């Protein structure tokens, strides 16, 4: 994997770059749609590629491991062939889901014992196992197995957890270096900075992660309930330590405003379920502001949901579909929201290149947050 | 509306024709996908038109009346504009849903008092109201308000019900003739033959319906639980009485085999929720037979769901999506099943034109029914 920064913003720490992977390039800053179970919910792959113009999508290791399982993925020749997606993909390590979805779990030095949220069966994930699983899934970028501490958590817990994540990282790196991609396409391991909301821990973690000299670096454990200002503070602190010439991935973030603010702090990659999850509940992002399509005011509004992204469907129709729980409503709303997120990252990039990113961000933020 | 029969099969009563409506032509025999609430479940309109090649779709008057309601449809300029569908549409009269969905209802000479299955509100439908509602919805073809008797029902109930349906038809026709289309495009009223499974009633009803000289005629009250042989018997009996030069629409039918058999009896138009409902449960129709995608045998089958209709997705992937309840599974399966139904009607038409319909039907039926 190669990463070239073509433009650095003068008014902020934002950068525009290009990641070259074995399955094509990714223009940064980039938003990555989430396809938890091997499908970005309600959106066909052709729409994702041709209309939404996604450049890289995510899948969740924990979910794919449970269903359809590694044998199905392996015999298919990897996740790309299985779901028919030719562009880059990224998998998380499964760590976050083990902590958020599994009711019963036990964290030990060697790894995590937990039970499947589907059938209660006993499972064990370790850094080595998470690495092997992600080799089998075959994403272009995959994540180190970490512990994502809850929010709030005390300093001692956060410190111990961070050290465990660092030890686990070294085991991930060792296993990664001892193994090869299974499907003839390069894979890249990204380590994850942890440390909760504690500056000293975030600094220590960022320094440790930076020292690993991996092809890209991630910031985890944020956007888990902490105040947004703390999220920005931690992100800035960490970005200032992580190497300049490697892509930085802020995991699970966030709102359109979060994304623009964190681009300004030097983040290059984002993922979030917000555009698709909000879509299914009728919250629509547009370049003119936010629409709650369930609101009665849209009942007789026959103008397009969005002139550019979904010109063929009206607000009144989308409102009807969402209210009736028709699947087409989720498809239209998700197409709209993902198109908007891709547009937002693309516009940010354009303005970094043009040199007016900060002014553009200042002007557009109130528009994007505007409740229509 | 014009109907021209271009070819009559010599080995059966099948015919190939063209219906000309104000919104384009329909090649018969035809299958009409069902879009109950103004959306064919999980399938975007562009896919329906361009990929599935639907020529006419249905909406249900009862559902549209409840949600989004007539004011929304009327201000949109009719159902076509509301849902963004330019080709012909057909609405049922609401009668069937009043009887099947509403727990509380009272049938009187003037019409039916019932409660909404959504919020329990009191509603009254009459032949005049059902006609006015369908004028407001604006479909190209709409249906007379009838009583669809349950199966089984005794001869006296079926007889009384049929006579009520006939009296209601005359009121529908009167109201239809006193009113105009609201959106500048011609509308057509189809009457419905009833009579349950009683030959004498079906004959009497078909004669009465035929005497009305409407632009097309429908056969209702079948495929409601009676043995399939009785369904065929009633259909044949009725088709032999209905005018030759008007399209015949067999409501709510059916399986691929039902459709081919009834084409052979002289039916021109079909609708059924089977392709979309079965799709959502993982029952897939293909030109090689029927697939239950939940079956373990497909777990490692990476061949396309169908070489022609859904070549880009494998059986293994579709199985995974349906098992995980991912919406994309419903979309792929519905696209497949509707494409298959459209193909089936189109192939039947080709073979009627070619003069070998009966031989083709005999050869293909066992293949279509084959459980893969």
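The values are calculated or read from the model by the stated rules, or taken from the named source; none is laboratory data. These numbers come from a predicted model, not from an experiment. Positions of Cβ are backbone-derived with ideal geometry, glycine not excepted, and every protein chain shown enters the neighbour counts.
The table below gives the values:
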read-out: Residue match in the range A:24-44 (condition: farther than 19 Å from residue A:137 by Cα, without any contact (Cβ under 8 Å) to a residue 60 or more places away in the chain and in contact with a helix residue (DSSP H, G or I) (Cβ under 9 Å, 6 or more places away or on another chain)); value: yes
read-out: Subset of the range A:341-372 (residues that are out of contact with any helix residue (DSSP H, G or I) (no Cβ under 7 Å at 6 or more places or on another chain), closer than 21 Å to residue A:282 by Cβ and touching a residue at least 60 places away in the same chain (Cβ under 8 Å)); value: A:342, A:367, A:370, A:371, A:372
read-out: All positions within the range B:191-209 that are surrounded by fewer than 24 Cβ atoms within 10 Å (Cβ to Cβ) and out of contact with any strand residue (DSSP E or B) (no Cβ under 7 Å at 6 or more places or on another chain); value: B:197, B:198, B:199, B:200, B:201, B:203, B:204, B:207, B:208
read-out: Residue within the range B:223-234 that is modelled with pLDDT of 95 or more, within 21 Å of residue B:177 (Cβ to Cβ) and surrounded by 22 or more Cβ atoms within 10 Å (Cβ to Cβ) present; value: no
read-out: Some residue of the range B:71-89 being within 9 Å of chain A (Cβ to nearest Cβ), outside any helix (DSSP H, G or I) and touching a strand residue (DSSP E or B) at 6+ places or on another chain (Cβ under 7 Å); value: yes
read-out: Condition met for residue A:269 (closer than 25 Å to residue A:59 by Cα and more than 17 Å from the chain's Cα centre (by Cα)); value: no
read-out: Some residue of the range A:267-287 being at pLDDT below 95 and closer than 24 Å to residue A:353 by Cβ; value: yes
read-out: Count - residues of the range A:56-78 that are under 24 Å from residue A:342 (Cα atoms) and crowded, with 24+ Cβ neighbours inside 10 Å; value: 4
read-out: Among the candidates B:179, B:165, B:131, residue that is more than 18 Å from the chain's Cα centre (by Cα) and surrounded by fewer than 16 Cβ atoms within 10 Å (Cβ to Cβ); value: B:179
read-out: Entirely in the range A:94-180, the helices (runs of 4 or more DSSP H) that have 2 or more residues that are modelled with pLDDT under 95 and either in contact with a strand residue (DSSP E or B) (Cβ under 6 Å, 6 or more places away or on another chain) or under 25 Å from residue A:248 (Cβ atoms) (or both); value: A:95-101
read-out: Given (1) away from chain B (no Cβ under 14 Å); (2) crowded, with 24+ Cβ neighbours inside 10 Å, number of the condition residue A:43 does not satisfy; value: (1)
read-out: Qualifying strands (runs of 3 or more DSSP E) (wholly inside the range A:287-372; at least 1 residues being within 26 Å of residue B:66 (Cα to Cα) and either within 11 Å of chain B (Cβ to nearest Cβ) or under 21 Å from the mean Cα position of the chain (by Cα) (or both)); value: A:304-306, A:310-314
